[in-house]
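Heads up, the thing below is written out as structure tokens.
The values are calculated or read from the model by the stated rules, or taken from the named source; none is laboratory data. Only a predicted model underlies this, so the values are computations on that prediction, with no experimental measurement involved. In this analysis, Cβ positions are derived from the backbone assuming ideal geometry, glycine residues included, and neighbour counts consider all displayed protein chains. These accessible areas exclude ligands, DNA and RNA; they are computed on the full protein's heavy atoms, side chains included. Shrake-Rupley method; radii C 1.70, N 1.55, O 1.52, S 1.80 Å.
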Amino acid sequence: MSDHDIQLLSLGVAIGIYFMLFVQIAYGVIDDRRDRQVARAALAKLETAEERAAA
């Protein structure tokens, strides 16, 4: 392998690492949004259950 091939290989690895990091961040944001929606729904159910129990 020439020096140029090694440079291209290391550049490809670095770009791949940054791409995978971006994908993990993007899916983390999406997952966090979904978790917050589920938490809000669970809290609303809890509040309605508490109101029914108090009545």
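As an exercise, take the mean of 1/r over every pair of distinct alpha carbons in the chain, invert it, and state the Kirkwood radius in angstroms. The Cα-based Kirkwood calculation yields 15.1 Å. Potential lengthening of the chain between A53 and L21 amounts to 6.8 nm, from the contour at 0.36 nm per residue minus the alpha-carbon distance. Using Cβ point charges alone (K and R +1, D and E -1), the dipole size of the chain about the Cα centre works out to roughly 340 debye.
The C-alpha atoms of the chain define a longest principal axis, and helix 3-54 lies at about 0 degrees to it. A 1.4 Å probe run over the protein chains yields, for the chain, 94 Å² of accessible area per residue, whole-number rounding. Taking the 1.4 Å solvent-accessible surface of region 10-54 as the whole, the part contributed by carbon and sulfur is 66%.
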